[in-house]
Amino acid sequence: MSGRAKVFGHLLTEVVRKQRCVSCGSCEASCPVGSITLKDGTPNLVGLCIACGICYNSCPRSVFDDAEIEKRVFGRSRSQEESDLGIVRSCFAVRTTSEDIRKSCQDGGAVTSVLAQFITDGGDCAVVADLEEGKVWVPKPAVAFNRDDLLKAAGTKYTSCPILVGVDSAVKEYQREKIAVVGTPCQMRALRRIEAGVSTNVRISDAVSFKVGLFCMETFNHDDLMKFLESEGVDASKVTKFMIKRGKFIANQGEETLYEVRLARVKEFVRPCCEECTDFSSEFSDVSVGNVGSPDGWSTVLTRTEIGEAALKAANDAGLIEVMPLDEGKAGLGAVIKLAQSKRKKEEKAAEQ
């Protein structure tokens, strides 16, 4: 019995029913017979399970050996100095030079600019989080083929999006072979699990060539967050951008702030699965991006692999971005490290309870 593959039933009992599922969509995307579908963020078996174990082996929450996958991805283990952020090759503050990107982006426009250059240089597409048409701030995975597609999807969504389902669409429906993916730390881990695992879906790992990870402390339950905003008199359909800055949750309409509240007020809407996550800076991506540590209007960018460095350099050489060294003081890289440490301590405290 011990030698048998762990299958969807194990995923259900070990991950889903324990509220550990991150709704990344890796199980749906990797199922070779299309028998798994996410419904309201939860995996459901909708067809015959052939007991291949691929869904279990693709899940970032079933098993994830940080040290083993780190060696596979980066060729070495992190040093003591890298214990908080993972393996980092370089750190920068980055800002787009393009006015159209600046108007659409969340902070410095680094992600959109680098992806635009990736596609210009021969990349087939990028899988990003967009919004469902006709619904209020409901994220959906989208396959972006050009700059306009990227601009439409620009900006941070603070609720979950099954980004791996979008990867499956890019590979299966559009037959793309050179794909960039933007996602949260758990989604980056799902991609690396598929890439490095045994009995996983190689068509996904072979097609994904560039991984852009986002800084992430936690995500919120969509319905609960929307109900809260409604109770506070906020019409979420008018919100054009949500932000978390300096301990506050902010909703903007254009340049106008519609609502601002201490982040502690919305903490109760954090998804339970986020409580066990220790990864703030997307440690298993090619390049990690966030707003912490950089001046307003800039993005903090950490490169982790040669692929990540090359992508940033290409955008810089093309004049799409301007780059400056990231301050290593408390307000720069120190701020990123502080949040990364805070997330680890939060998980340790939750594990003790």
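The values are calculated or read from the model by the stated rules, or taken from the named source; none is laboratory data. Since this is a predicted model, take the numbers as computed values, not measurements. A quick note on method: Cβ atoms are made from the backbone with ideal geometry, for glycine too, and the neighbour counts reach across all protein chains shown.
With the condition kept exactly as written, say whether any residue in the range 282-301 is surrounded by 13 or more Cβ atoms within 10 Å (Cβ to Cβ), under 17 Å from the mean Cα position of the chain (by Cα) and assigned to a helix (DSSP H, G or I). There is no residue in the range 282-301 that is surrounded by 13 or more Cβ atoms within 10 Å (Cβ to Cβ), under 17 Å from the mean Cα position of the chain (by Cα) and assigned to a helix (DSSP H, G or I). Does the range 96-106 include one or more residues that are under 27 Å from Arg344 (Cα atoms) and of a type in the set (Asp, Glu)? No, the range 96-106 has no match at all. With a requirement of 2 or more residues that are within 29 Å of Val15 (Cβ to Cβ) and in contact with a Cys (Cβ under 6 Å, 6 or more places away or on another chain), the strands (runs of 3 or more DSSP E) lying completely within the range 84-189 that satisfy it span 139-144. Residues of the range 169-194 that are touching a residue at least 60 places away in the same chain (Cβ under 8 Å) and surrounded by fewer than 24 Cβ atoms within 10 Å (Cβ to Cβ): Arg192 alone.
Tallying residues that are among the aliphatic types (A, V, I, L, M), surrounded by 17 or more Cβ atoms within 10 Å (Cβ to Cβ) and either in contact with a Phe, Trp or Tyr (Cβ under 7 Å, 6 or more places away or on another chain) or not assigned by TED's automatic domain parsing to the domain that holds Glu232 (or both) within the range 251-269 yields 2.
Residue-wise test of (1) closer than 13 Å to Leu11 by Cα; (2) touching a Pro at 6+ places or on another chain (Cβ under 7 Å); (3) in a helix (DSSP H, G or I).
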| residue | (1), (2), (3) |
| --- | --- |
| Gly34 | no, no, no |
| Asn44 | yes, no, no |
| Ala51 | yes, no, no |
| Cys55 | yes, no, yes |
| Phe64 | no, no, no |
| Ile69 | no, no, yes |
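In this entry, Val181 passes the filter for residues that are assigned by TED's automatic domain parsing to the domain that holds Val22 and hydrophobic (A, V, I, L, M, F, W, C). Here Gly247 meets the list (1) exposed (fewer than 12 other Cβ atoms within 10 Å of the Cβ); (2) closer than 19 Å to Gln106 by Cβ; (3) in contact (Cβ under 8 Å) with a residue 24 or more places away in the chain almost entirely, failing just condition (3).
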